[in-house]
1. Taking 0.36 nm per residue of sequence separation and subtracting the Cα-Cα distance, how much length would be gained by fully extending the chain between Thr103 and Lys19, in nm to one decimal?
2. Given a 10 angstrom Cα cut-off, can you work out which residue in Gly15, Gly26, Gly42 is the most mobile in a GNM of the chain?
3. Estimate the FRET efficiency between Lys76 and Arg10 by the formula 1/(1 + (r/R0)^6), using the beta-carbon distance for r and 25 Å for R0, to the nearest 0.05.
4. Using the Cβ atoms and a cut-off under 12 Å, what net charge is assigned to the surroundings of Ser122, where Lys and Arg are +1 and Asp and Glu are -1?
5. From the square roots a ≥ b ≥ c of the eigenvalues of the alpha-carbon gyration tensor of segment 63-122, which class results: rounded (a/c under 1.5), prolate (a/b over b/c), or oblate?
6. Report the local net charge at Val48: Lys and Arg +1, Asp and Glu -1, summed over other residues whose C-beta lies under 15 Å from its C-beta.
7. Using a 1.4 Å probe on the protein heavy atoms only, what accessible surface does Tyr60 show? Give it in Å² to the nearest 10.
8. Could you tell me the extents of the chain's C-alpha atoms along the three principal axes, largest first, rounded to whole Å?
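The values are calculated or read from the model by the stated rules, or taken from the named source; none is laboratory data. Just so you know, these numbers come straight off a predicted model, no measurement behind them. Neighbour counts are summed over all protein chains in view; Cβ atoms, including those assigned to glycine, are modelled from backbone coordinates with ideal geometry. We work out accessible area using only protein heavy atoms, side chains counted, and drop any ligands, DNA or RNA first. Shrake-Rupley method; radii C 1.70, N 1.55, O 1.52, S 1.80 Å.
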Amino acid sequence: QVQLVESGGRLVQAGDSLKLSCAASGRTFTTYAMGWFRQFPGKEREFVAGISRFGANTYYADSVKGRFTIFRDNAKNSVHLQMNSLKPEDTAIYYCAAERGATLSRFRGDYWGQGTQVTVSS
């Protein structure tokens, strides 16, 4: 099992950049593919980005491709989401997730953090 804690969400303006971080507990971090999801008010959680266990492969939702970058630091048990050129429609709660044996294009998440709010003003 792994515990996940997100941080970094805040209010920014359109066009700004923001980096979200997720700290994972335990000694088995490299057994998990990691991902970021987001949830809009009244909507289901949607996949944003995923990264393989050692960072060789990444996968993105079309809506963020070219603007967001996921990367991980296995030495620090952390995964990050660098978000550039933010838009008001990126406003959501962002969640970190972990999954063993994940296929990134079908990442569903087995373990979740509590979420961090990102608000982008126009």
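1. Values: separation 84, 0.36 × 84 = 30.24 nm, distance 2.44 nm.
The Thr103-Lys19 span can extend by a further 27.8 nm.
2. Taking springs between Cα atoms under 10 Å, the residue moving most is Gly42.
3. On the way: r = 21 Å, r/R0 = 0.86.
E between Lys76 and Arg10, to the nearest 0.05, is 0.70.
4. Details: positive: Lys87; negative: Asp16, Glu89, Asp90.
Residues near Ser122 contribute -2 overall.
5. Details: a/c = 1.72, a/b = 1.69, b/c = 1.02.
It comes out prolate by the Cα gyration axes.
6. Details: positive: Lys19, Arg38, Lys43, Arg45, Lys65, Arg67, Arg72, Lys87, Arg106, Arg108; negative: Glu6, Glu44, Glu46, Asp62, Glu89, Asp90, Glu99.
Taking every Cβ under 15 Å from that of Val48, the sum is +3.
7. For Tyr60, the solvent-accessible surface is approximately 40 Å².
8. Principal extents (largest minus smallest coordinate, Cα): 41, 27, 24 Å.
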